[in-house]
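Please treat every number below as a calculation from the coordinates, not as lab data. Here the structure is a predicted model, which is why all the values come from computation and not from measurement. Virtual Cβ from ideal backbone geometry, glycine too; neighbours counted across all protein chains shown.
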Amino acid sequence: MSAIASPAPAAPDLRVARRRLLLDTLGIGVSVAAFGLVFGLAARNAGFSPIEAVAFSVVVFAGASQFAAAGYIAAGLPWLGIVVLTFFLNARHMLYSASLAPRFREVPFAQRVVMSHVLTDEAFALSAAHFHRIGRLDIPGYWIAAVLGVFIPWNVATIVGVLLGGAIPDPSKFGLDIVFPAAMGGLAVGLATGRREVVAAGAGAIIGTGLALLVGPGLGIIVGGLLGPIFGMATPVPADAARAHSPESEMAGTPVDLEAAELETRNEDFSIDAGPVAGPEDET
Amino acid sequence: MSTQLVLLAVLMFGVTYPARALPLLAPGIERLPPRALLYLRLVGPAVLASLAAANTLVGKTPDGTPYFHVGVELVGVIACVAVVAWRRNLLLGLVVGVGLVAAARFAGLA
């Protein structure tokens with residue numbers, strides 16, 4: 001397995017970035033394991049056998065819909081209803097996949113087939129922040145985030161939870177229930193490196209919360225993720241910032257040398273919603 | 001040992017996997033126009049912020065009705081985000097956020 005894409009950053013940079021990814025992964029992995037334990041317990045209480053609980057965690061591998069399904073099964077909801085609700089609960093994964101897709105264009109198809117299955121909220125958040133930091137794709141980094149940080153802890157904890165049952169304390173007693181939203185917020189901060197990203201994040205948060213109150217969290221989160229970027233795109237940014245964050249350079253993963261780019265393209269129409277020229281990028 | 005629900009897991013996989021895979025497997029994603037690529041780049045911060053906010057600020061009554069909720073969880077999340085913005089260290093942010101919430105609950109403040 002190797003990293004793909006144009007010019008590789010200096011090895012120490014990648015090592016530093018991966019060390020940071022591992023630390024981030026550790027924090028999320030603890031939370032994933034805690035809730036995997038609770039899922040195992042919930043599944044056991046809903047009448048799942050250990051094989052069925054493990055099948056859910058390996059095959060579905062989507063925490064929110066697994067919890068919902070356990071509750072629905074306990075309540076006697078028909079399977080068709082559970083499957084339809086699962087579709088809506090997990091539709092947001094399409095946003096993650098679409099957002100990562102331009103970086104994954106050189107990854108072999110068979111590998112992308114497997115990578116898709118382990119694309120969860122946490123895997124996306126960790127890997128997107130990691131790619132953003134190094135400015136390119138890092139395949140081992142994706143596996144660290146998705147498999148080491150989520151898949152393994154979730155599945156091991158499910159097995160422990162379904163076998164140990166009532167011996168498991170409630171994670172919320174220890175404040176672990178806030179790890180998921182706190183980690184999502186913290187990783188959003190890592191991605192919000194310019195004015196447009198900040199506006200997209202703010203709009204996504206407001207729209208997501210508003211719609212979650214009106215129609216439910218599942219749809220609210222999706223619509224927040226869909227509409228937030230439109231507000232970000234409508235935000236004017238200085239020309240230099242637009243250039244540094246232009247999709248061509250960002251998605252190709254090529255680090256941008258601002259001074260060189262300016263010298264080479266001073267007279268080109270390069271901007272995407274270019275605002276007034278000059279002035280530093282609005283870094284947050 | 002029952003295995004009946006394994007079939008339900010497969011059916012749930014059948015409606016989950018396409019959402020995860022279709023954009024990643026679709027050919028020609030690299031030929032999208034620049035504005036579409038910019039949009040996709042902004043999806044990340046937008047959807048993560050949306051997840052964080054909705055999971056912190058929206059509670060559910062026992063009958064499933066959503067309600068606006070401001071509690072110690074919001075303090076914990078804000079503390080985590082602030083530490084990450086300041087120190088660029090998610091693990092430290094999570095330790096601070098979780099520690100605050102756990103301390104408040106043990107102290108009976110929440």
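Observations on the structure shown:
- Order of B:Thr56, A:Thr158, A:Thr235 under a 10 Å beta carbon neighbour criterion, fewest first: A:Thr235, B:Thr56, A:Thr158
- Using the Karplus relation 6.51 cos²θ - 1.76 cosθ + 1.60 with θ = phi - 60°, the per-residue 3J(HN,Hα) values for region A:136-144 come to 6, 6, 9, 4, x, x, 5, 5, 4 Hz, with x marking Gly and Pro.
- Between B:Val98, B:Val83, B:Val15, the GNM of chain B built on Cα springs shorter than 10 angstrom shows B:Val15 fluctuating the most.
- Arranged from fewest to most other beta-carbon atoms within 10 Å of their beta carbon, A:Phe35, A:Phe61 become A:Phe35, A:Phe61.
- Counting Cβ atoms of other protein chains within 10 Å of each Cβ in A:44-51 and taking the mean gives 3.
- Amide proton proximity set for A:Val237, modelled H, under 5 Å, gap of 5+: A:Gly275
- Neighbouring Cβ atoms from other chains, within 10 Å of the Cβ of residues in A:22-32, number 3 on average.
- Percent of Cα-Cα distances greater than 19 Å, calculated over region A:11-191: 59
- Built amide H within the under 5 Å cut-off of B:Val58, gap 5+: B:His69
- Residue-wise HN-Hα couplings along region B:65-82, as the Karplus relation 6.51 cos²θ - 1.76 cosθ + 1.60 with θ = phi - 60° gives them from phi, are 7, x, 9, 6, 9, 10, x, 5, 4, 5, 4, x, 5, 4, 4, 4, 4, 5 Hz; Gly and Pro carry x.
- Cα centroid separation, region B:89-110 to region A:19-70 (Å): 22
- Label sites at B:Lys60 and B:Arg88, each approximated as a point 7 angstrom past Cα along Cα to Cβ, lie 3.8 nm apart.
- Sequence of B:His69, A:His132, A:His117, A:His93 once ranked by neighbouring C-beta atoms within 10 Å, starting from the fewest: B:His69, A:His117, A:His132, A:His93
- Under 5 Å, built H, 5+ apart or other chain: amide partners of A:Gly194: A:Thr284
- Kirkwood Rh in Å, taken over region B:1-51 so that all alpha-carbon pairs contribute: 13.8
- Scalar couplings 3J(HN,Hα) for region A:87-96, obtained by applying the Karplus form with A = 6.51, B = -1.76, C = 1.60 to θ = phi - 60°, are 4, 5, 5, 9, 4, 4, 4, 5, 5, 4 Hz; x denotes Gly and Pro.
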